[in-house]
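Trainee: Before I ask anything, here is the structure I am working with.
The values are calculated or read from the model by the stated rules, or taken from the named source; none is laboratory data. This is a predicted model, so every value here is computed, not measured. Note: ideal-geometry Cβ built from the backbone for every residue, glycine included; neighbour counts use all protein chains shown. These area figures cover heavy atoms from the full protein model, side chains too; ligands, DNA and RNA do not enter into them. Shrake-Rupley method; radii C 1.70, N 1.55, O 1.52, S 1.80 Å.
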Amino acid sequence: MSDKLDDYIHALSAALSLPIDPAWQPAVKMNLEVSLRMARLVDEFSLPDESEPAPIYVA
């Protein structure tokens with residue numbers, strides 16, 4: 001997966017005209033890997049069909 005992430009980072013960098021210093025590439029990649037792991041956890045959490053979003057969120 002790491003080669004795909006390198007390709008993805010490079011493609012997005014080019015598409016957004018956002019140069020990434022090669023020294024920062026490992027940090028960008030690590031951040032993306034962590035974000036993808038967190039997103040996978042949320043995606044894998046199943047909710048019953050009856051679930052409705054809360055109308056008001058209070059912290």
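Trainee: Mind checking the chain for GluC sites (Glu not before Pro) that DSSP puts in a loop (not H, G, I, E or B) and that have at most 16 other Cβ atoms within 10 Å?
Mentor: On the way: sites: GLU33, GLU44, GLU50; in loops: GLU50.
Passing both the DSSP loop test and the Cβ count: GLU50.
Trainee: Taking only protein heavy atoms into account and a 1.4 Å probe, give the accessible area per residue of the chain in Å².
Mentor: Result: 95 Å² of accessible area for each residue.
Trainee: Quick one: length gained pulling VAL42 to VAL28 fully straight, 0.36 nm per residue minus the C-alpha distance?
Mentor: Full-extension gain reported as 2.9 nm.
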